[in-house]
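Taken together, the values in this text are just the output of simple stated rules run on the coordinates, not laboratory data. From a predicted model like this one, the values you see are computed outputs, not experimental measurements. Here the Cβ positions follow ideal geometry from the backbone for every residue, glycine too, while neighbour counts run over all protein chains shown.
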Amino acid sequence: MKSVIVFVFVLTFISFPQIHDICLPKCVDISLNNIVLQDTISSRIVLEAKDFILYQEKPPFEFSFLNRNKTQKLTCIIQPGDYLYSISAFKVEMNINDVNRSTIDSSKTDIVILNNILNFKSGKGIQLGLDSSNIINILGRPNKISKENDSVIYIYEINNPEYFPNKEIDNKNIIFLSYFNLPAYCGSYRFNNGKLEEFDFGFPYP
């Protein structure tokens, strides 16, 4: 039994690029509560869901989870052609519209409650409620800033010039995208009254 636990720990450590063997660009975040993008082992361990069932007819496929108090909602996005549990993007938001704290989403799919997680937090320490200045300190200045009603949105983007020829070449960014064999990365951080109320990051669906 002990050897099995050690094996799982070692395999998990090796599979976590955020803490092991990849130098990330400053604006990039690739994990959430130890779930690493595109890493099937970490997502199976943390999410503890028996299976993701593809109820949706059109990609990308989304699966929802709630924190222990059902006050925060995590959406995990899987792209068509990816392995089961290979998550391409995360989205975290407050679960304020769900006054009844329902555990079934609009497509009648069960929402799993993650009782071991009090707050959803990224590998770089980003979580709901942070100030906009905190995000800039962590990720640097955004590529774009937009406004939507009362919200301000910071957008961070990395594009491989092989697929986006008009984009500036940055070797560190190219190495990062090549590691995952994907053309682009995007992070979006929405603020209301200077506080982070929603964020998502990962590899966008084409």
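Tell me the label-point distance for the pair Glu48, Gln127, using the 7 Å Cα-to-Cβ offset, in nm and rounded to one decimal.
Roughly 1.8 nm, to one decimal.
Distance in nm between label sites at Ser151 and Phe180, each 7 Å beyond Cα in the beta-carbon direction?
2.1
In what sequence, highest mean first, do 187-193, 29-35, 60-66 appear when ranked by Cβ atoms within 10 angstrom? Mind showing how you got there, number by number?
Details: 187-193: 17.9, 29-35: 22.9, 60-66: 19.6.
With the highest mean Cβ count within 10 Å placed first, the list reads 29-35, 60-66, 187-193.
Which pairs in the list Lys70/Lys144; Lys73/Lys195; Lys26/Lys70; Lys172/Lys195 are over 28 Å apart, alpha-carbon to alpha-carbon? Can you show the working numbers first?
Working: Lys70/Lys144 32 Å; Lys73/Lys195 17 Å; Lys26/Lys70 31 Å; Lys172/Lys195 30 Å.
With Cα atoms farther than 28 Å apart: Lys70/Lys144; Lys26/Lys70; Lys172/Lys195.
Simple spin-label model, 7 Å along Cα-to-Cβ: Asn143 to Lys26 in nm?
Using points 7 Å along Cα→Cβ, the separation is 1.6 nm.
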